[in-house]
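The next block holds one structure in the form of structure tokens; read it before the comments.
The values are calculated or read from the model by the stated rules, or taken from the named source; none is laboratory data. All values derive from a computational prediction rather than experimental measurement. FYI the Cβ positions are ideal-geometry reconstructions off the backbone, even for glycines, and counts take in every protein chain you see.
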């Protein structure tokens, strides 16, 4: 059997060898076009090119969806670990210690502040993570003094009030996540603030679902200590 006959036999035995090879198929179609002549319009090449382009776009979309799914899983895992961390302490001091250290590390932020409104500012601070504020301050800070609806989670570049929130650490904070906390009808509002040195860490275009969940879980845990 000569080389041509052997090649023919191999192709007939397994046609997928040719059909699944885009380079071979393109060469065969090109050869057919030359045989037909320049005046013959063959739409197969056009169809094949468009099919390949569509397949490439589909593969890119598929890869993007998978990457987004992995990012979401990683974010979910972080928030779950952070919630478990603040559930563990048996006293308020340990709770604040965990908030300042473990929670900041788990969520990948550079500084954390628990802002609590109080009518009385007398006495020393119970912990460095706490920033005491006068009544009405949290709404003013979150909205930047504008008459707008206040959201549960606000992500943005560090605002003009960052010194009031992050105190001594304000100078290195470039982006902030502000989580409004509802401590119940008999308590003034509170706010959990995350600060980052990375200006791209928080932005209004980012999703807030996971941080909203964390805020709702955290405020329920905090109520045990401030009720």
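Some notes on this structure:
- The one condition in (1) surrounded by fewer than 21 Cβ atoms within 10 Å (Cβ to Cβ); (2) touching a residue at least 40 places away in the same chain (Cβ under 8 Å); (3) part of a loop (DSSP other than H, G, I, E, B) that residue 185 fails to fulfil: (2)
- Residues within the range 161-176 that are touching a residue at least 40 places away in the same chain (Cβ under 8 Å) and buried (at least 18 other Cβ atoms within 10 Å of the Cβ), tallied: 3
- Hey, residue 212 touching a residue at least 40 places away in the same chain (Cβ under 8 Å) and over 25 Å from the mean Cα position of the chain (by Cα) or not: no
- Lone unmet requirement of (1) modelled with pLDDT under 90; (2) surrounded by 10 or more Cβ atoms within 10 Å (Cβ to Cβ) for residue 111: (1)
- Restricting the range 128-144 to residues that are touching a helix residue (DSSP H, G or I) at 6+ places or on another chain (Cβ under 9 Å) and part of a loop (DSSP other than H, G, I, E, B) leaves a set whose member that is surrounded by the most Cβ atoms within 10 Å (Cβ to Cβ) is 129.
- In the range 188-220, the residues that are closer than 18 Å to residue 162 by Cβ, out of contact with any helix residue (DSSP H, G or I) (no Cβ under 6 Å at 6 or more places or on another chain) and assigned to a loop (DSSP other than H, G, I, E, B): 198, 199, 200, 201, 202, 203, 204
- Test for residue 155: is it touching a residue at least 12 places away in the same chain (Cβ under 8 Å) and in contact with a helix residue (DSSP H, G or I) (Cβ under 6 Å, 6 or more places away or on another chain): no
- Within the range 85-110, residues that are without any contact (Cβ under 8 Å) to a residue 12 or more places away in the chain and on the phi > 0 side of the Ramachandran plot reach no partner that is part of a helix (DSSP H, G or I) and surrounded by 18 or more Cβ atoms within 10 Å (Cβ to Cβ) with beta carbons closer than 6 Å at six or more positions or on different chains.
- Filter result for residue 207 (free of Cβ contacts under 8 Å to residues at least 12 places away in the same chain and closer than 18 Å to residue 79 by Cβ): yes
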